[in-house]
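The next block holds one structure in the form of structure tokens; read it before the comments.
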Amino acid sequence: MTKDKHGSDGGSLIVRKFLLVASIASFATATLYFAGAFNGDTVTAQRFVDLQQGDKPHLGFRRAHAKGMCVSGHFESTGELASYSTAAIFAQGHTEFLGRFSIAGNNPTAPDLKAPVRSFAFVVNPATSQEWRVAMNTPPVMAVATPDAFFQQLQALSPDPITKQRDPEKIKAFLKHTQKAKHLTSGKPVTCRQIVLLQSATTA
């Protein structure tokens, strides 16, 4: 009896160890898969960060809209919309908000007047279950509609690592093969304004 009992316990221990190792391996595999480790073409958050960061990181600053100024205040509600919504923000009174004005780009020391985009993002009623977030940019349109197309846009507008200049041919190729971006050109040559619009969307 003792031998059988020990043998059974030993077998159960082996099974438990196997299941533990299999679980860890499955979790690690799933993590690497969703991180894009098995597909170099997969657009991931880290690839976005790396591309927007460029070849000169500014440690301690945001990768996009690195230069900005924070603001705080109150959102004043007259209460006239309270009958149309249960959202606390529409009740009469004031609600705290936190926000940030910023300019486009990853350079925290960039001149304000050279930035093609100005942005304002804010959160109303922070740290509650009814938090409202709003982000606004000066460009009237976005040149693309999906994350993948946005990443391709970033690639098209990235400066050459040697010349530090953008490649007009890459931009034209992007416009040609991106259906939504085509509407910016309507078959006409790419203009400076269209490139600014693309830059605006890129750095948003």
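Let a ≥ b ≥ c be the square roots of the eigenvalues of the Cα gyration tensor of the range 31-166; is it rounded (a/c under 1.5), or, if not, prolate (a/b larger than b/c) or oblate? Prolate is the answer for the range 31-166, as a/c is 1.5 or above and a/b outweighs b/c.
Where Lys and Arg each count +1 and Asp and Glu each count -1, what net charge lies around A88 among other residues with Cβ under 13 Å from its Cβ? Combined, the nearby Lys, Arg, Asp and Glu give -2. Assuming charge only on the beta carbon of Lys and Arg (+1) and of Asp and Glu (-1), the dipole of the range 44-109 about its Cα centre is about 420 debye to the nearest 20. Pairs from the list K67/K114; K56/K164; K56/K170 with a Cα-Cα gap above 19 Å: K56/K170. For V117, the amide hydrogen comes within under 5 Å of the amide hydrogens of A104, counting only partners 5 or more places away or on other chains and with H modelled in the peptide plane.
Residue-wise HN-Hα couplings along the range 147-158, as the Karplus relation 6.51 cos²θ - 1.76 cosθ + 1.60 with θ = phi - 60° gives them from phi, are x, 4, 5, 5, 5, 4, 5, 4, 5, 5, 9, 5 Hz; Gly and Pro carry x.
Only the coordinates and a few stated rules stand behind these numbers; no lab work does. Computed from a predicted model, the values in this text were never measured in an experiment. Here Cβ is always computed from backbone atoms with ideal geometry, including for glycine, and neighbour counts include all displayed protein chains.
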